[in-house]
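Read through the structure below, which is laid out as structure tokens, and then see the notes.
The values are calculated or read from the model by the stated rules, or taken from the named source; none is laboratory data. Here the structure is a predicted model, which means the values were calculated and not measured. FYI the Cβ positions are ideal-geometry reconstructions off the backbone, even for glycines, and counts take in every protein chain you see.
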Amino acid sequence: MDMISQKSLLKLLAAGTFALTLAACGDNNAEDAGEELDEIVTDAGNAVEDACEDVKEGADAEDKDC
């Protein structure tokens, strides 16, 4: 699976999780759930980018940024 497909899958998973989280909680907890989900998605995105950079470094690619 290439990196674009993994990123798309992560985004879809995050959106689905977010929708279920909001549906399961009341108005008071919605903001907290959104902030927590934002942090989770950011961490997942950083992990994917780190993995991509590690692969490019291992392949001795000229462009090591993802």
Qualifying residues in the range 46-66 (those that are surrounded by 14 or more Cβ atoms within 10 Å (Cβ to Cβ) and at pLDDT 85 or above) - the one farthest from GLN6 (Cα to Cα): LYS56
Residue selected from the range 22-45 under the condition among the hydrophobic types (A, V, I, L, M, F, W, C) and within 21 Å of GLN6 (Cα to Cα), by the criterion modelled with the lowest pLDDT: LEU37
Test result for THR17, modelled with pLDDT under 80 and among the polar types (S, T, N, Q): yes
Residues (acidic (Asp, Glu) and assigned to a helix (DSSP H, G or I)) located in the range 34-66: GLU35, GLU36, ASP38, GLU39, ASP43, GLU49, ASP50, GLU53, ASP54, GLU57
